[in-house]
Amino acid sequence: MDDSSDFIEPASAHDDDSSLHVHDADFHAVTSDYDPTLHERNESLVGSVTSSVNEHIYENGRRYHKYKSGRYPIPNDDKEASRETVRNALFQELLGGRLHLSPIGDAPHNIMDIGTGFGDWAIDMADRYPSARVVGLDLSPIQSVWIPPNVEFVVDDVEDNAWIHGSDYDLVHLRMMAVILKSPATVAATAFQHIKPGGWIEFHEVYPRIGCHDDTMPDDYVVGRFYRLVARELQRQHGWDLYAAEHLPAQLEQIGFVNIQRKVCHVPIGYWPKDPHRMQHAFLFEETLAEFIAAMLAKPLNTRVHDIASLETGEILTAQDIDALCAEVQAALCARNVHAYIPFHFVWAQKPI
Ligand SMILES: C[S@@+](CC[C@H](N)C(=O)[O-])C[C@H]1O[C@@H](n2cnc3c(N)ncnc32)[C@H](O)[C@@H]1O
């Protein structure tokens with residue numbers, strides 16, 4: 001493979017955290033004393049069931065969503081907010097400052113961000129397109145209350161409810177969502193019904209099959225081993241498919257989308273790039289992966305909660321085994337001798353006019 005960091009191709013259907021030292025008592029989930037009036041001040045936040053949408057749960061030293069509790073095993077606290085901000089910067093860097101690749105023109109009217117998280121992308125889009133009403137939907141009520149007037153945040157489960165809050169969308173955007181949805185194809189098919197003719201759907205995803213442009217990466221490269229273990233555990237515990245991005249073009253074609261395109265960017269792992277721009281990508285990725293490790297240790301890789309078998313031997317791993325693996329990954333994130341990368345996939349497609 002050549003050394004270019006990214007490429008765009010028409011995609012055909014045939015293309016294929018904080019406290020690890022916790023006491024047992026910490027494992028009992030407790031309802032937070034979070035002040036819901038903070039979010040009540042944001043009049044556009046819609047509670048689709050009860051006031052519990054505005055509450056949180058604390059487990060293993062981290063904070064999690066309470067509405068549809070357990071659905072999403074990654075925290076929604078300040079550490080996660082920081083990680084999301086850094087990842088948001090990385091995505092924008094990869095796209096040369098752009099927020100999307102779909103050609104939606106200068107004055108779109110309706111934009112939806114599914115799984116908006118802390119709402120960074122939705123807020124940036126609202127600032128960039130004052131003509132648009134931007135809806136950000138998420139399980140967690142964690143979005144800023146200081147938002148542009150044309151943004152609306154909705155607490156909802158995209159897989160369980162009639163989630164579309166409006167129709168005639170110019171763009172439905174999902175970032176880091178294909179991996180966590182039970183069925184990205186079903187969500188995309190619902191979106192198809194509510195996107196206007198000629199409108200777009202766009203996915204931004206990490207695709208954690210670690211690659212290398214030369215022969216410096218050993219077969220048992222630790223970052224690859226870490227992702228394979230996480231992929232198996234998230235599949236086993238939550239039904240996630242960490243490699244869902246590879247199926248998106250075929251799924252979108254089957255739904256009826258046209259003009260399906262894919263761009264792949266290779267984000268360096270480690271301090272090996274000579275180009276300062278790519279080095280910046282490596283730094284941003286290092287920071288997001290370090291916090292991702294902490295989030296994984298709090299729940300999916302927590303040996304107090306789950307029996308986690310070694311991929312190699314099948315033996316149950318101890319907390320020390322997992323800590324050692326994670327420490328090795330941290331070291332790999334600043335190593336210079338392995339020229340590894342992780343692909344980021346951008347897939348976008350149009351509803352026929
Ligand atoms: C990996 S984060 C991505 C956040 C944001 N899109 C970004 O790129 O920064 C996934 C988000 O999806 C939300 N989420 C997970 N399952 C969901 C569901 N079924 N319905 C709505 N939101 C969901 C989570 O609460 C979380 O904020």
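The values are calculated or read from the model by the stated rules, or taken from the named source; none is laboratory data. Just so it is clear, the model here is predicted, and its values are computed rather than measured. As a convention, Cβ positions derive from the backbone with ideal geometry for all residues, glycine included, and neighbour counts pool all protein chains shown. Protein only, heavy atoms only, side chains kept; ligands, DNA and RNA dropped before computing areas. Shrake-Rupley method; radii C 1.70, N 1.55, O 1.52, S 1.80 Å.
General observations
- Considering residues of segment 70-98 that are under 27 Å from ASN60 (Cβ atoms) and acidic (Asp, Glu) only, the residue farthest from the ligand (Cβ to nearest atom): ASP78
- When restricted to residues that are of a type in the set (A, V, I, L, M) and assigned to a loop (DSSP other than H, G, I, E, B), segment 144-156 contains 2.
- Residue match in segment 141-155 (condition: within 20 Å of TRP240 (Cβ to Cβ) and either touching a Lys or Arg at 6+ places or on another chain (Cβ under 8 Å) or open to solvent by less than 10 Å² (accessible area, probe 1.4 Å) (or both)): no
- Taking first residues from segment 69-93 that are open to solvent by 10 Å² or more (accessible area, probe 1.4 Å) and partners that are near the ligand (Cβ under 9 Å from one of its atoms) and among the basic types (Lys, Arg), the Cβ contacts under 9 Å between residues at least 6 apart in sequence or on separate chains come to ARG87/ARG175; ASN88/ARG175.
- Single unsatisfied condition, ILE111 versus (1) farther than 21 Å from LYS351 by Cα; (2) open to solvent by less than 20 Å² (accessible area, probe 1.4 Å): (1)
- Scanning segment 322-353 for residues that are part of a loop (DSSP other than H, G, I, E, B), out of contact with any helix residue (DSSP H, G or I) (no Cβ under 8 Å at 6 or more places or on another chain) and of a type in the set (A, V, I, L, M) yields ALA335, ILE353.
- Residue that is nearest to ALA89 (Cα to Cα), among those in segment 129-140 that are open to solvent by 10 Å² or more (accessible area, probe 1.4 Å) and within 22 Å of the chain's Cα centre (by Cα): ASP138
- Cβ pairs under 6 Å, 6+ apart, first in segment 112-126 and more than 15 Å from ALA89 (Cβ to Cβ), second near the ligand (Cβ under 7 Å from one of its atoms) and in a helix (DSSP H, G or I): ASP113/TRP121
- Options ALA309, ALA282, ALA298: the member that is hydrophobic (A, V, I, L, M, F, W, C), modelled with pLDDT of 95 or more and at negative phi: ALA282
- Matching residues in segment 106-124 - criterion: being touching a strand residue (DSSP E or B) at 6+ places or on another chain (Cβ under 8 Å) and within 12 Å of the ligand (Cβ to nearest atom): MET112, ASP113, ILE114, GLY115, THR116, GLY117, GLY119, TRP121, ALA122, ILE123
- Which numbered condition GLY211 misses (of (1) at pLDDT 95 or above; (2) under 16 Å from the mean Cα position of the chain (by Cα); (3) under 26 Å from TYR341 (Cβ atoms)): (2)
- Output for segment 145-179, where each listed residue is of a type in the set (S, T, N, Q) and either within 13 Å of the ligand (Cβ to nearest atom) or under 23 Å from SER69 (Cβ atoms) (or both): ASN161
- Meets criteria (of a type in the set (A, V, I, L, M), surrounded by fewer than 19 Cβ atoms within 10 Å (Cβ to Cβ), within 14 Å of the ligand (Cβ to nearest atom) and at pLDDT 70 or above) for LEU101: no
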